[in-house]
Each structure stands twice: as structure tokens, then as C-alpha cells.
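The values are calculated or read from the model by the stated rules, or taken from the named source; none is laboratory data. Bear in mind the structure is a predicted one, so any value in this text is a computation, not a measurement. FYI the Cβ positions are ideal-geometry reconstructions off the backbone, even for glycines, and counts take in every protein chain you see. All accessible areas refer to the heavy atoms of the entire protein, side chains included, with ligands and DNA or RNA removed. Shrake-Rupley method; radii C 1.70, N 1.55, O 1.52, S 1.80 Å.
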Amino acid sequence: MTKYHDGFMSQPMGEDDVEFLPILPDDEDPQAKSGDIPKELPLLPLRNTILFPGVVLPITISRDKSILAVKEAYKKDKLICVVGQIDPNVEEPEFDHVYKIGTVAQILRMIKMPDGSNTAIIQGRNRFVVKELVSSEPYMRVKIELLKDATPTNDKEFEAEVSTIKDLASSIVKLNPQIPSEAGIMIKNISNPITLTHFISSNLNIETAQKQALLEIENMKDRAKMMLKHLNTELQMLEMKNQIQTKVRADIDKQQREYFLNQQLRTIQEELGMNSPDKDIQRLRDKAAQLKLPLNVKTATDKELEKLQRMNPAAAEYSVVMNYVELLLDLPWGIYTTDSFDLKKTKQILDKDHYGIDKVKERIIEYLAVLKLKGDMKSPILCLVGPPGVGKTSLGQSIAKALNRKYVRISLGGLHDEAEIRGHRKTYIGAMPGRIIQSLKKAGSSNPVTILDEIDKVGADFKGDPSSALLEVLDPEQNSAFYDNYIELEYDLSKVLFIATANSLGTIQPALRDRMEIIPLEGYSIEEKVQIAKKHLVPRQIANHGIKAKDVNLSDKVLETIIEEYTKESGVRELDRVLAAIMRRVAKHIAIEDPYDKTISADEVHDILGPEKFDKSLYTEEHIPGVAVGLAWTPVGGDILFIEATLSKGNGGLTLTGNLGDVMKESATTAMTFLKANAEKYGINSDLFAKVNVHLHFPEGAVPKDGPSAGITILTALASLFTQKRVKPFMAMTGEITLRGKVMPVGGIKEKILAAKRAGIKDIIIGENNHKHVDEIEKSYIRGLKFHYVKNMDEVLQNALMPVREKNGVDMEAFLKTKEKAV
């Protein structure tokens, strides 16, 4: 007999268990000799196996009761009842611990083994059901009733099922290499359906409970269907195992083939003098040896190089590891440029490159002074906030040149992926380090001046919030150990001078704003723009257009005309474009050798640029009652804001138009309420408010408007409307009001005042508490402006309104005479 351990013909091992493959000596129906079986027999419980009729099993007997039962039966008629044990963990099973349907077995032989154990070879005869327990000592004896297996006759379906069972069993034998081919021959030679089902059921690789279920099925067709289910499951499992083994074998063969081919390729490359992977790895080792790498970086580099040495160059991961090592060696670990501590020279460079912006220059000089005295300090995190075109970004280049540092710029506008800052993990296809690490690699030093451009325009979506990732970058207490997901090592950013730029602080995350030192950059005055044009813009445009300084001359008066009539901005970008247009006309004259006047006059400016784009008279002319001029702040600088009010017959309604925000709407409501409450003081009939509807309009309706600073302008327009007194010409104002008529301070004072100066305004009404902000402005920039500092609305209206009513104004008495319509 041959021993098998798993697969289709396996059996679990244990006490009173099967040790060898069950075999069938012949094709005889075991039920044919059932007449000699007594009705009362000893009971033998078996663990982990079920005995089927006709099947021969060798079993090891170790329980005392089982040994007595087998020996007693062997002495008499050699018959014994064999049943399966429900719970195999029970050492001494009782009657309730065994199945009630089993197989009567004939003991063929008893063998005493060398180790002293007892082995019996038994063969199943008939199925039975236990009717009654006769005795439990010294072993269990039971009364039984034999069960008959009836084969269906002339049943084509059953015949097909039996044939399918044979085919499936034969297929399993072929697929399982641990089952000998003789088993397939044995199955094909069994012609009795009953014997076939018992034999295959005994050898199925299924649980004991499932075998017991097969034994208990009375109907042969049902038993055949159940067997087909188990056989199909076993066949599918074997097929999957074979597929996996075939695939693994093919992969191993492919790897071996690639290894040999790569070895040959390496030899060919060496013969031809080409760089082989070994040479690339050695090149990286030599480069690492020359650099003064931190210990953790050197450890990581050596580890990756060893991995490369063992790796197949054709493997997908090879290039990933190679790129990673090259990046580690390209980063400027511990490499710093020497700062220039000549503070006077630094100041000269800053003054030469940028006109004005003294606060920023002073802050850089202070930083250098402390660094010179202390020798080592963390770099500040500066944030330059101001309108476009005032030189925020170009200032970074000047600072880098003044400090003798490298300069890099990182554009953050529209950035919405957190990985752009921290990098991607190497496991992703196309993974890259973040922009911070990339900028350091580009700079080649660990202390560059890094411009974080447009930090207020960082976005956020499902990929993460870059603003949150910047919290670590811009925190001097944390950025000394910045962690990039790609390099998976900490990098010291504390020596990097970060300078962020923004047009507005409103869209910057509060936690991020708290980590930066805010330095506001206001717009330029006309005088400043003239100086910037003379010292920077005109020389640059002359050089850009290939002409010489002697070929064109622009006086201060002409430059002022260009600024006032063709630009309306806080910065100088539009001015730069206008000057470029003039230089193109000069270049054309020179190129075609056309005589021209080298001194550009105002008339020639009009000829080149066309009619003036911005007319001051729009803001300075007298307006009808109900129109007032306010001052507004925008992200691109200061601006002029008209407010128009008109009356119509009605019942006290207030209409607001002009794309207004909630704060501005509330300001209008507050102004209207204050005017109603103080109507008699200002000579207004209080009955009038219930007889009219008021419409307030803010022109340029496509532009969103919001904020409280238009409060006094709205109230002035309403007071002008109801009193029919015009607002004085050349007058503009800004300030917030309260219900008590107090004038509150507002922001953006410099931008607003410069916008008023550009528009030709001569008188400005402003809150008393904003006096200190006006004092900060260079006196020469506000020459010709008269400021009226007010504390309440009485002072505002006293300064803003004409002393007499408009002669041809609206007749208020006509509104009062209108009869109310019946509801």
C-alpha cells in the first residue's frame, strides 16, 4: 500500500485515523453479503474520517475502549459498527458525541506494531442507522438497522451524472502530481455506481462533516449531485494552483533569461567602451565620497547604491532608485554662500534698483546688521503686500544681489496640490520632489533668497491644501527639519530667506499669515512714477529697442502728462507699456531714416498714443445735488467711487444697485436711518421720507464693491439730495459712520489719497483718527491737497455741502402735497 498526504486522495492523521490510502480490492457490491450481519454490534468511533461501504482502511487504535471493542469483535464474527466522531477533540467520546449513521465494517486483520500500538485493517460493508444504545461499558454496543442503496434503473440523467463523476475524478488525478496514475485506472475500471460513489466519496478532499452528509444521503441521484459539486470545487482549486505555478515558473524563467541577457549586454558595453550600469553606480559612489554629506544622508545614499548594485538594470524600479540617488547627491547639503556685510554697498544696490519702498530696504539692512554682529541667526519670513506693478517680485532679485546670495522664484498662483510643496512618495509613477527641494537643487546652495510669488492665490481641493503644507516651510521654529515625501529625509531651511508676495491678505490662511512679517507696499505717487520712469523704465526701454539715449528725450513734464492721461494704476506696468509704444515710434523713425524731433513733446505723445484715456474733469466738475465722490481701496491700488442718489414718488423704500456687498448695504441703511433721525437738524421735513422712494446707485456695476469706508460718502449724497445742496467740486471723502453719526477710521489711506491726487481732487474729508496715516506719506507727494479731519457727520456735511440750495433743484414740497393712496 502507498501512503499519500494531500490532494484528492488525502486523509488527516490522528488517533484511530487513517494512515494509508483507502483501497478497493474488487468491484463487488458489499451489500450482497448483508444477510449475515447481526442486529447488535460493538460501536467504534473514528476521528477525522468516515468509513464508506466497500472501502478498506488501516486504522491505529489507541483508546482502551476501542481496543476492547475491536478485539472482542475480531474474536467473534469480525464485524463492528464504525461511526464518525462529531467533535474530534473529545478524547473519550460518549454516545451523544458520535454520528448516528455509519458503516458496518469487517475486521480483515489485526497487526501489533513495533512501537506497541495496535493497527486494524477494516473494510466497509453496509450503511446503518443506530436505533438504540445497548450498553456503554466496557465499550459501547448498539442495536442497528441496515440501510440499502438502490441504483436507479433506465435513468439516463443518473447515468450521465455517474459518467461525469468518473471524468472529473480522472481529471483531478491528472492535475494532482501527488496522486499516482494508477488511481485513475482504478476509477475507470469500477462499473458499479454504488461502489464508485462510495470510493470517490471516501477520497474526496473535504471536511469530515461533508463526508458524513454524503454517507447519510439515501437517494443515489441526490448523492451523485452533491459529489459533482464537491468534485467541481476541487477541480477548480487544482486548476488555479496549476495556473499560479505555471505563471510563477514562467516569471522565474523570464527573470533568469533577462539576467543572462543583461550580463551579456554589460560585457558588450564594456568591450565597446560604453557606460555600463556598474560604471554609473561607481560614478555615483565617487561623487558621494567627494561631498561632505550629513551622516543620515550618507547612510541613505550607501543603502540605495547597494540596492542598485543587486538590482536588475532592466527592472522598473532601477531608474526610480537611480534618480533618487542622483537627486540626493545634487542637493546642496551644508553648502552656503557667504553673505555680503558691506551695509553701505547693500543700501546702494537696493536704492539703485528700486526707487522708494524704504521700509523694505530698512528691514533688509537691519537683518544684515544683526547677522553681522551675531554671526548666525534664522532668516526672517517676509511678506510684501501691495498692488500689482509696484516691484514686489523684482525686489527679491535686488535683495539676493545685495546679499550676494542665489535667487530662486517659486510661483504659487493657482497651486492646489499639497504634493507640489512636500513632494510625492517614490512609490508613485512619475514621483518628484516638491518645489522647495527643486528650488534648492536649482540654486545650488542652502541659503538662497526664495521668492514665494502670489502666495494669496494658492488654491485647495481634494488633493490637499498647499497653504497648510507651507505652514512648516514658513515657520522658523520648524523649517530646520523640513520633511519632503520624496527624499524622505529632513532638510534644513532655516537659512533660506523666504520673501512672499501678495496683492491682498484677505485670502491668505490666518495661521499662514501669522508666521510671516507683513510689510505693506503702497502705490506710487505721480512724483515717484516720474523718478522711476527716468531712472529705470526709460533706460530699459531704450536698451530693449536698440536705440541710444541721445536718440530720445522725455522731460519730466511729458512723463507727468503720460502718467496722468494714459495710466491709472498704483504700479508702473502700464506706464512701462506706454513708454514702449513711444520707443517703437522712435525706432521706426531711425530705421527708415525719417527725420524726427528727439525731444518728445506732449502733442507728439497724443499723436503716438491717441486721445487721452483718463479725463480729470470727470471727477472735478460740479454735479447736481445727490452726487458725491468717495475714495476706495482695491487690490490693484486706490480708486475713485461715485455715489448717485435720486428720489421718486413712493412710500419710503430704499433701492441699492451697483453690485454691492453686505457691508456696503448695511452702511447705506445706517446712513438712511441716521438722516431720518436727524432730519430737523439738517432742515429736512421728516414727513418727506414716507412719501418718497430713494435709489442709491454705485456706477461700474460689473465691479463688485464692499466695505464700510463709503459710509460718510453715502450719507453726504443722501443729505445733498434731501437738502438740494450740491457737494463742493474737487471734493472726495472716505470714512465709516455709526448710528450716532461718529466718523470711524478706515484702511488703505495712502492708496486712496494717491488715487485722489491722480484724479485732480483738491479737498479730502477724512476721519480724525486717520491723521497719523496721512503724516506717514511723503509731504511732496500730497502737495496741493487740503485735508479736512472730522469727528462726526455734522463736520462732514459742513465741509462737503454748498451753503445754499440749488435754485433749479427738485421741488420737495411737491412730494409732500402728494396724497397717500388708499390701501
On the accessible surface of the chain, probed at 1.4 Å with all protein chains in place, carbon and sulfur together account for a percent value of 52
Label residue 153 and residue 366 with points 7 Å out from Cα along Cα→Cβ: what is the distance between them in nm?
-> 11.5
Gyration tensor over alpha-carbon atoms, the stretch 532-587, equivalent ellipsoid semi-axes in Å | 18, 11, 10
Directionally averaged projected area (convex hull, Cα atoms, the stretch 158-235), nm² = 4.7
For the stretch 75-162, convex hull of alpha carbons as volume per residue, Å³ | 178
Crossing angle, helix 156-175 versus the chain [Cα axis fit, 0-90 degrees, rounded to tens] = 70
Flagged as over-length at 23 Å C-alpha distance, from 344/441; 392/665; 156/225, the pairs are 344/441; 392/665
Ranked by how many other beta carbons lie within 10 Å on average, peptides 666-677, 724-735 from highest = 724-735, 666-677
Using just the C-alpha positions of the stretch 184-305 as equal point scatterers, what log10 of I(q)/I(0) does the Debye formula give at each q in 0.11, 0.13, 0.16, 0.21 1/Å?
-> -0.64, -0.74, -0.95, -1.12
Quick one: helix 193-203 against the long Cα principal axis of the chain, what's the angle to the nearest 10°, folded into 0 to 90?
-> 60
Would you calculate the separation in nanometres between label points at residue 673 and residue 133, each defined as 7 Å from the Cα along the Cα-to-beta-carbon direction?
-> 9.3
Output the Kirkwood hydrodynamic radius of the stretch 64-112, Cα pairs only, in Å rounded to one decimal.
-> 11.9
Report, for the chain, the % of DSSP beta bridges that are antiparallel, rounded to 5.
-> 60
For the stretch 609-751, what is the percent of antiparallel DSSP beta bridges, rounded to the nearest 5?
-> 75
So what's the back-of-envelope 222 nm ellipticity for the chain, counting only DSSP H runs of four-plus at -39500 (n - 2.57) apiece and dividing by all residues, rounded to 500?
-> -13000 deg cm²/dmol
Taking a crude spin-label model, label points 7 Å out from Cα along the C-beta direction, the residue 108 to residue 771 distance in nm is 12.2
Quote to one decimal, in nm, the extra length available between residue 779 and residue 185 on full extension: 0.36 nm per residue of separation minus the C-alpha distance between them.
-> 202.4 nm
Give me the accessible area of residue 139, 1.4 Å probe, in Å² rounded to the nearest 10.
-> 20
The helix 711-723 Cα axis meets the longest alpha-carbon principal axis of the chain at an angle in degrees, between 0 and 90 and rounded to 10, of 50
Relative contact order (%) - criterion: Cα under 8 Å, at least six apart; region: the stretch 379-525 = 38
Using a Förster distance of 51 angstrom, determine the FRET efficiency expected from the C-beta separation of residue 240 and residue 347, and round it to 0.05.
-> 0.05
Report the equivalent ellipsoid semi-axes for the stretch 321-420 in whole Å, largest first, defined as the square roots of five times the eigenvalues of the gyration tensor built from alpha carbon atoms.
-> 28, 21, 12
Pairs of Cα atoms under 8 Å, at least six residues apart: use those to get the relative contact order of the chain, whole percent.
-> 7
Can you figure out the FRET efficiency of residue 206 with residue 253, using R₀ = 30 Å and their beta-carbon distance, to the nearest 0.05?
-> 0.30
Radius 14 Å from Cβ of residue 500, net charge of other residues (Lys, Arg +1; Asp, Glu -1) | +1
Want the number for residue 623 to residue 548: 0.36 nm per residue separation, take away the alpha-carbon distance, what's left?
-> 22.2 nm
Using a 10 Å cut-off on Cβ atoms, rank the peptides 191-197, 209-215 from the highest mean neighbour count down.
-> 191-197, 209-215
Over the chain, equivalent-ellipsoid semi-axes from the Cα gyration tensor in Å = 99, 43, 25
Extension gain, residue 431 back to residue 657 (0.36 nm per residue minus Cα-Cα distance, nm) = 76.2 nm
Hydrodynamic radius by Kirkwood for the stretch 238-374, inverse mean 1/r across distinct Cα pairs, in Å, is 20.4
Quickly rank 335-342, 444-451 as a protection proxy: mean count of other C-beta atoms within 10 Å, highest first.
-> 444-451, 335-342
Could you pull the Rg and Dmax for the stretch 27-142, using just the Cα atoms, both in Å?
-> 13.2, 39
Write out the trypsin sites (Lys or Arg not before Pro) in the stretch 143-205 meeting two conditions: DSSP loop, and at most 13 other Cβ atoms within 10 Å of their Cβ.
-> 148
Assuming R0 = 35 Å, can you tell me the calculated FRET efficiency for the pair residue 318 and residue 393, based on Cβ-Cβ distance, to the nearest 0.05?
-> 0.30
